[in-house]
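See structure below.
What follows draws every value from the coordinates through simple rules; no lab data is involved. The structure displayed is predicted, hence computed values, not measured ones. We place every Cβ from the backbone using ideal geometry, glycine too, and count neighbours over all the protein chains shown.
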Amino acid sequence: MDKMIVKSGKQLFGEVTVSGAKNAALPILFSTLLADGKHFLKNVPRLKDIDSTLELLKSLGCEYEWIDSNSLTITVHKPKSLEAHYDLVRKMRASFLCLGPLLAKYGEAVVSLPGGCAIGARPINLHLDAMKGLGAEITLEEGYAKAKINGRLKGSTFLFETSTVGGTENILMAASLAEGETIIENAAKEPEVVDLANYLIAMGAKITGHGTSIIKVQGVEYLKPSEHSIMADRIEAGTLLIAGAITGGEVIVKGCSYSNYESLILKMQESGFKIDFSHSEPIVKVYPAKSWKGVDITTAPHPLFPTDLQAQFMSLMAVAEGTSVITETVFENRFMHVQELVRLGADITPKSRVAVVRGKVNGLTAAPVMATDLRASACLVLAGLVAEGETVVSRIYHLDRGYENLEGKLQTLGAQIKRAP
Ligand code: EPZ
């Protein structure tokens, strides 16, 4: 099924519960390589990227079994090979997260360089520098990064020149089994890094400071498998909240604490939406609004506005009153959804990393559009909910990488959306 057909005209109403976070589940799946034996993971979203990761872990000798729709066990043994092959890494760049665990556990790792992707060059130089910081020898040969250390990695202090989620996750996993203390400076503070740290601690790692820019790790000799429930997906939660808002509906998003997407909620309130949230329950409610005003956003590392919600927020601004200036500081090419929104009648002028959005209060008009990447797919589905007529979003396989049954969730809220071949 390659297309999503979205009809406009319905205000969304009701409650929806978000799935487990893709960007927490992926590093946690790779972290199982650090501990032989059977791991038990719950609230794992059923996504193509999860399947790709399980395929890679299987190629490294792991066995997995789905216990129910979102719970699985992974049994880890000493891998038959220490190589993450290009065919697998090419499909999903997060596969590079097997570098730290394999190197720390077995003193060696051969991981294909991930290559670029639609939203930017996405180099992994900082991952490699971090491994060198722990004493590893790295060589780049024929498109592969070959990492090696005799004996254990050695704890040290490492400063990231750029905040990197994956880089922080790779060194966090590697440092867990290194000899001595590792201090990670300018560490990423994303909630998904915290969820990974929590699972590493459950396996016996000694970690403090996760969620802040200074993380300290006291290396241990071994870790043991444990169990964990993956945190809720804050990007899906934000996407669903915007779906309620853009249709002028009333939607309650359950499962994700407001603090994990507070930067979006504050911007939506600034735009004029009434939003309730609880400090004790993971429940956020957006109320119907007839109109809202354009507000400026600049994406940046957590807790500032997440780059993964930039495209979705742009759809909301495309039908706001007034102008919004959207600045993308994390990735150099994350405006490919702009031209597709323009096909729906949006008035947007992209210039390098800044897009000026002039809101069209008389709305958008349906047209065939093409998804270019995961979050662009979600942005076009959201725009289709309000573009007069029937919008057909092609290449919807991008959406399936990161959203579990998004159309089903939107249908429960009253959206007229379905897949087509
Ligand atoms: C993670 O990617 C997420 N993916 C991305 O989500 C998210 O957009 C990104 O973090 C930023 O929040 C997963 O967690 C699987 P980075 P990651 O390293 O780790 C530069 C989605 O839609 N950089 O924090 O790859 C890099 O080019 C995806 O779910 C280097 O220069 O992102 C970028 O400009 C998209 N050298 C910036 O850092 C490096 O070695 C932030 O990237 C590493 C990164």
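Mind giving me the nanometre distance, one decimal, between the label points for H77 and N405, set 7 Å out from Cα along Cα→Cβ? Each label point is offset 7 Å from its Cα along the Cβ direction, giving 3.5 nm. Between H279 and K206, the modelled labels are 3.5 nm apart [label points 7 Å from Cα along Cα→Cβ]. Cα-Cα over 20 Å: which of K10/K409; K267/K290; K58/K132; K80/K206; K42/K80? Distance filter (> 20 Å) returns K58/K132; K80/K206; K42/K80. Full extension of the chain between K58 and T162 gives 34.2 nm of extra length, using 0.36 nm per residue less the Cα-Cα distance. With the simple model of a label 7 Å out from the Cα in the direction of the Cβ, R419 to E65 spans 2.7 nm. Amide H contacts for T372 (H built 1.01 Å from N in the peptide plane; partners 5 or more residues away or on another chain; cut-off under 5 Å): S377.
Hey, how much of the P(r) for the chain falls beyond 26 Å, as a percent of Cα pairs? Percent of Cα pairs beyond 26 Å in the chain: 54.
Report, in degrees rounded to the nearest 10, the 0 to 90 angle that the Cα long axis of helix 48-59 makes with the longest principal axis of the chain. It works out to around 20 degrees. For the range 54-155, the Stokes-Einstein estimate of translational diffusion at 25 °C and a viscosity of 0.890 mPa s comes to 170 µm²/s, using the Kirkwood hydrodynamic radius over alpha-carbon pairs.
Counting other C-beta atoms within 10 Å, which of S291, S280, S95 has the fewest, and how do the rest follow? Don't jump to the answer; show the numbers that get you there.
On the way: S291 13, S280 6, S95 25.
Least crowded to most crowded, the residues run S280, S291, S95.
Please return the longest range in the chain lying between exposed loop sites, taking trypsin sites (Lys or Arg not before Pro), DSSP loop only, at most 15 other beta-carbon atoms within 10 Å, and leaving the sites out. Working shown, then result.
Details: sites that count: R46, K80, K274, K290.
Between the exposed loop sites, the longest stretch runs 81-273.
With a cut-off of 20 Å, note down the residues of the range 83-122 whose backbone N falls inside the zone around a label point 7 Å from the Cα of Y222 toward its beta carbon. Within reach of a label on Y222, which here means backbone N under 20 Å from a point 7 Å along Cα→Cβ, the range 83-122 contributes 101-108.
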